[in-house]
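Novice: I have a structure here, written as structure tokens, and I will follow up with some questions on it.
The values are calculated or read from the model by the stated rules, or taken from the named source; none is laboratory data. Treat the numbers as computed from the prediction; the structure is a model and nothing was measured. Cβ placement follows ideal geometry from the backbone for every residue including glycine, while neighbour counts extend to all protein chains displayed.
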Amino acid sequence: MTNSDPPAHEPPFDVVSVQEEDMYRGPDRRDAPTKLFSKFTFSGGRRLTGGRRPGENREVFIDRYPLWTWIMLTIFIILNLLDAHFTLIYLQRGGEEANPVAVRLLSAGMGTFIGVKAFGVGLGTAVFCMLNNFRNARIGVIISLVFYQLLLFYHMSLYFGWAGNVSS
């Protein structure tokens, strides 16, 4: 290497110089992966898809969530509310709850049952929302939606008398 050759770490062309004080904006946030909870978790941010670099578009946390996520999670919440509603109707007509956790919550009172169910469903929905780019979370949402649709069909069959012997 002669003295006229540029060092290997410098580009072989002229770069426009910008003063350091104009460029520095704090530590580089990309040195670490995106956190599960950040200031953009619930308020949103700019990005709808994965990362900036190749290979970062799957199983990453994102700032904004696609419309399909909101639709699926809204359906999930509505199906859970309908489950609670039809459970209470069924119990008022003389039916019995098969879920031992729900029996215990119902023995504490209807408000406790609805409150704990709403809190649990809200927490699960928030976790599913934050993990929507992760394959296992998407599979979990689909399994939950199928389960709650089957459960709603079962409640409807009890309500209309297609199955079961509950007096009206």
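Novice: Out of everything in the stretch 126-168 that is surrounded by fewer than 13 Cβ atoms within 10 Å (Cβ to Cβ) and of a type in the set (Phe, Trp, Tyr), what residue ends up being nearest to the chain's Cα centre (by Cα)?
Specialist: Ranking the candidates gives Phe147 first.
Novice: Within the stretch 89-117, track down each residue that is among the hydrophobic types (A, V, I, L, M, F, W, C) and free of Cβ contacts under 8 Å to residues at least 24 places away in the same chain. Full working, then the answer.
Specialist: Step one: list which residues in the stretch 89-117 are among the hydrophobic types (A, V, I, L, M, F, W, C), which gives 89, 91, 98, 101-103, 105-106, 108, 110, 113-114, 116.
Within the stretch 89-117, Leu91, Ala98, Val101, Ala102, Val103, Leu105, Leu106, Ala108, Met110, Val116 qualify.
Novice: Right, another one. Scan the stretch 118-130 residue by residue and report those that are touching a residue at least 12 places away in the same chain (Cβ under 8 Å) and more than 23 Å from Phe86 (Cβ to Cβ).
Specialist: Residues satisfying the conditions are Cys129, Met130.
Novice: May I pose another question? Could you grab me the full set of residues in the stretch 79-94 that are surrounded by fewer than 16 Cβ atoms within 10 Å (Cβ to Cβ) and farther than 18 Å from Val121 by Cα?
Specialist: Ile89, Gln92, Arg93, Gly94
Novice: Any residue that is modelled with pLDDT under 60 and surrounded by 12 or more Cβ atoms within 10 Å (Cβ to Cβ) - is there at least one of those in the stretch 26-40?
Specialist: Among the residues of the stretch 26-40, not one is modelled with pLDDT under 60 and surrounded by 12 or more Cβ atoms within 10 Å (Cβ to Cβ), which makes the answer no.
Novice: Okay, next question. Test of understanding: among Leu105, Leu123, which residue is surrounded by 13 or more Cβ atoms within 10 Å (Cβ to Cβ), of a type outside the set (Lys, Arg), part of a helix (DSSP H, G or I) and at pLDDT 90 or above?
Specialist: Details: Leu123 fails: surrounded by 13 or more Cβ atoms within 10 Å (Cβ to Cβ).
Criteria check complete, one pass: Leu105.
Novice: Is it the case, given these coordinates, that Phe147 is within 30 Å of Phe37 (Cα to Cα), of a type in the set (Phe, Trp, Tyr) and free of Cβ contacts under 8 Å to residues at least 12 places away in the same chain?
Specialist: Values: within 30 Å of Phe37 (Cα to Cα): yes; of a type in the set (Phe, Trp, Tyr): yes; free of Cβ contacts under 8 Å to residues at least 12 places away in the same chain: yes.
In short, yes.
Novice: Can you name the number of the only condition in (1) over 18 Å from Gln149 (Cα atoms); (2) at pLDDT 85 or above; (3) in a helix (DSSP H, G or I) that Gly94 fails?
Specialist: Every condition holds for Gly94 apart from (3).
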